[in-house]
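Each value in this text was obtained by applying a stated rule to the coordinates, not by laboratory testing. The structure displayed is predicted, hence computed values, not measured ones. Cβ placement follows ideal geometry from the backbone for every residue including glycine, while neighbour counts extend to all protein chains displayed.
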Amino acid sequence: MTIRQTVQVPVRPWYRDHCFNGTIIFPAVESMLLLAEAARKIRPDSNINTMQNVRFLKLLTVPDGIDRLSLIIEYDEKSDNSRNDFQLKLLSRIQFRKISRIKEHVQISFPNVPIMVSEIPIFPSDSPLQITAERIYRELVPFGPSYHTIKGSLQICGNIGWTTLQARAPGVPHIIEKEMGSPFLLDGAMHAASVLGQCLADFVPFPVSFAKRYILQPTLAGKEYSTIVTATSQTTEELLFDLWIIDSDGDLCETVTGLRMRDVSGGTIRPPDDLSRIPFHPLPRCGQDSE
């Protein structure tokens, strides 16, 4: 039986820094926190540190001047909960004059499987292309200061990019962050993937889905982390990435595999003409450019 629950989600002040094409967008990382919290309340034994088949189907816009979003969480109640992946969806309702329409934004499955992480790649020894965080947030990922998580420069060598991340603590953290970590760190790692993708492809990549996410230890706002992103495949319409977030002791905090990124602007947003381009290749091929 399909169950729907209406939830009122506070519009945090920092959401206004998360804009796409001039419109405030509810962050994908926040939607994962929201659905993980719902999963824990509905099924207290849910393993919210493991996700799979996550899909970001339609952008969820945040209208100006509101302090709460009225959203819907949908799930199927099954008789044998312990043997099934627990899938939840985040929906919204659009009210027209006579009818209403439901839009599906996010879908997540919380599987009952052990954590299995891929090996962290070795840093290339060649001199990398460097793109400063200042340029990234001015031109390539033009979010406001709350989401300026990349620090220093993003270094790129072939299909691999790496950089330092540090998240701000803009307000009261979400209660589920104690288990899942700060959403800003994963957001910053996806910024790095988008910039690497802009060097590989002639479009601005935006996350639309990923295969798996494993959280081994929660990240904390204020602390420095490293992220490594690798582009694993490329077509004319899509790039596929894996990413890792690592603490200062070299311990893995979380990893995402099979991150699919596409152009969701309909071709209206393109990488800058002077951004260095690199060919997709399974082995790193480095240049000496610095930006």
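Some observations on this one:
- Relative to the longest principal axis of the Cα atoms of the chain, the long axis of helix 28-42 makes an angle of roughly 40 degrees.
- Theoretical FRET efficiency, 1/(1+(r/R0)^6), r = Cβ-Cβ of VAL113 and SER265, R0 41 Å, to 0.05: 0.70
- Taking label positions 7 Å along the Cα-Cβ direction at both ARG168 and ARG101, the computed distance is 3.6 nm, reported to one decimal.
- Computed over Cα pairs, the Kirkwood radius of the chain leads via Stokes-Einstein (0.692 mPa s, 37 °C) to a diffusion coefficient of 167 µm² per second.
- Normalised by the number of residues in the chain, the average gap of Cα pairs under 8 Å and 6 or more apart makes the relative contact order 19 percent.
- Tail beyond 19 Å, pair distance distribution of the stretch 129-262 (Cα, percent): 45 percent
- Rel. contact order, % - alpha carbon contacts under 8 angstrom, at least six apart, the stretch 129-262: 24 percent
- Length-normalised contact order for the stretch 2-110 - Cα pairs under 8 Å, 6+ apart - percent: 34 percent
- The C-alpha atoms of the chain define a longest principal axis, and helix 183-200 lies at about 50 degrees to it.
- Overall, the chain carries a charge dipole of about 1220 debye about its Cα centre when +1 sits on the Cβ of Lys and Arg and -1 on the Cβ of Asp and Glu, all other atoms neutral.
- Considering only VAL11, VAL208, VAL106, the mean-square fluctuation computed in a Gaussian network model of the chain, springs between alpha carbons under 10 angstrom, is largest for VAL11.
- Hydrodynamic estimate: the Kirkwood radius of the stretch 2-110 over Cα pairs, inserted into Stokes-Einstein at 25 °C and 0.890 mPa s, corresponds to D of 165 µm²/s.
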